[in-house]
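Note sheet for the following structure.
The values are calculated or read from the model by the stated rules, or taken from the named source; none is laboratory data. Source: prediction; values computed, not measured. Methodologically, a virtual Cβ is constructed for each residue, glycine included, from the backbone with ideal geometry; neighbour enumeration extends over all protein chains shown.
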């Protein structure tokens, strides 16, 4: 009997929306995989306890589902331990995609470069940081995502962000189980090197942070390759 194709759960950064994964989801489904793209609760709807509230929201969406590979882009990487702890079945594995690593006991700001931390705090107004697209230099998003229609869909899901989320220490849950890393941009070279030191399977596509929108076939193929590598230890 042929093995069932891996099921992927594609998790967008909480600073973005699920549209970031939709093109890869369609490509994975074309290749025979289930690939849902659940939405994290809106950060603006959470007052405190962000990590728990975000994890509770997605865990509720996945309730009763079979174990899957959790695929986390960018800031979603830090949310995986809290989410995995709330799932009814442990995930089949985790693939971090140009993602920050979990940082128990430290805040997002604690992990950010000092210049970025200072710039974002300086730009906060009434407890809110600018929407994620405003973090980029003028013209940068247009260069990364030249298709105006795709870019417009991405931007439609953005909103100002509560500063409290970035100040909140992450819970103490650790990342467990099989993990792999897909690096898309030079900005995540340090995380890719850490993945290598941990012995995680790793693929480096020299593209850019939003390559899911512009190169969905390449990203989907890399996820399939990493899924195979994560399954190999379990099958001897």
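Return yes or no: is residue 29 in a helix (DSSP H, G or I), at pLDDT below 95 and either more than 18 Å from the chain's Cα centre (by Cα) or surrounded by fewer than 17 Cβ atoms within 10 Å (Cβ to Cβ) (or both)? In short, no. Looking across the range 1-26, just one residue is surrounded by fewer than 17 Cβ atoms within 10 Å (Cβ to Cβ) and not in a loop (DSSP other than H, G, I, E, B), and that is 26.
Residue pairs whose Cβ atoms lie under 9 Å apart, sitting 6 or more positions apart in sequence or on different chains, and linking a residue in the range 15-31 that is over 19 Å from residue 77 (Cβ atoms) to a partner that is in a helix (DSSP H, G or I) and at pLDDT below 95, do not occur here.
The rows are residues; the columns are (1) in contact (Cβ under 8 Å) with a residue 24 or more places away in the chain; (2) part of a helix (DSSP H, G or I); (3) closer than 20 Å to residue 17 by Cβ.
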residue: 154; (1), (2), (3): yes, yes, yes
residue: 159; (1), (2), (3): yes, no, yes
residue: 166; (1), (2), (3): yes, yes, yes
residue: 180; (1), (2), (3): yes, no, no
residue: 190; (1), (2), (3): no, yes, no
residue: 195; (1), (2), (3): yes, yes, no
residue: 203; (1), (2), (3): no, no, no
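Quick check on the range 112-127: of everything there that is surrounded by 15 or more Cβ atoms within 10 Å (Cβ to Cβ) and within 22 Å of residue 171 (Cα to Cα), which residue is farthest from the chain's Cα centre (by Cα)? Step by step, filter the range 112-127, then rank; the result is 117.
Restrict the check to the range 217-232 and report whether at least one residue is under 18 Å from the mean Cα position of the chain (by Cα), surrounded by fewer than 18 Cβ atoms within 10 Å (Cβ to Cβ), modelled with pLDDT of 95 or more and part of a strand (DSSP E or B). No, the conditions are met nowhere in the range 217-232. Scanning the range 163-179 for any residue that is under 23 Å from residue 30 (Cβ atoms), touching a strand residue (DSSP E or B) at 6+ places or on another chain (Cβ under 8 Å), buried (at least 21 other Cβ atoms within 10 Å of the Cβ) and at pLDDT 95 or above turns up nothing.
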